[in-house]
1. Which ³J(HN,Hα) values in Hz, rounded to whole numbers, follow from the phi angles of region 82-87 under the Karplus curve 6.51 cos²θ - 1.76 cosθ + 1.60, where θ = phi - 60° and Gly and Pro get x?
2. With every protein chain present, what is the per residue accessible area of region 56-172 (1.4 Å probe, Å²)?
3. Working with all protein chains in place, sort 26, 165 by solvent-accessible area computed with a 1.4 Å probe, largest first.
4. Compute the normalised compactness of region 91-148: alpha-carbon radius of gyration over 2.2 N^0.38 Å, N being the residue count.
Amino acid sequence: MNPTASSAQNLEPASTWLRDRLSPYFLLVRPWQVLIVAVGTMIGALVAGGQHPIDVAIMVASTASLFAASVTFNDLCNVREDQINSPQRPLAVGSARTDLAAIQSTLLFFLGSLFAAMVSLPCGLAAITVTVLSIAYSLRLKGVPLLGNLVVACVSAYAIGCWLFAAPLSEQLVWGVVLLGTIRLGGEIIKTAE
């Protein structure tokens, strides 16, 4: 008998087991949307200009972590709604455990704020503000017309707006954040009206 063939056969079930256990938590953070947030942060860095590549990488990690934490926490708060409206979501279908999702969300909020603080104290404070707004939205503000929409718009604009706290203020960056926030606010109001 070939010992390497036997080892490969033994590893396959372990890798399948690991993939099956981790996949729901990966899907919970909405990886394609995290990628969009990361690209938005890089675009913001280009618009802000003069950012050190290490700061850009750290802020990408920060905004991606904060977004992933926000959507995970929001899903935790909406399991019953998602069982009706989005039954394919990992928590709604039961493929992800709520206790582990809560740990994941907490860890991602912490890392997102820590990474931002590594760039600058104002970035860290802004990230903590995004964390508080995200939690407030999921717990209380989601059902409050206009205020909830405004919070989502502000949190969404942070992917680009984070550079307002790390770079010298530029008119292009301010207008980019205002434009993104306004578009997002309009989309949220339309979604609420439907």
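The values are calculated or read from the model by the stated rules, or taken from the named source; none is laboratory data. Just so it is clear, the structure is predicted and the values come from calculations on it, not from any experiment. Areas reflect the complete protein model, heavy atoms only, side chains present, ligands, DNA and RNA absent. Shrake-Rupley method; radii C 1.70, N 1.55, O 1.52, S 1.80 Å.
1. Running phi through 6.51 cos²θ - 1.76 cosθ + 1.60 with θ = phi - 60° gives 5, 4, 9, 8, 9, x Hz.
2. Here the per-residue accessible area is 49 Å².
3. 26, 165
4. Taking the Cα Rg and dividing by 2.2 N^0.38 Å, one obtains 1.35.
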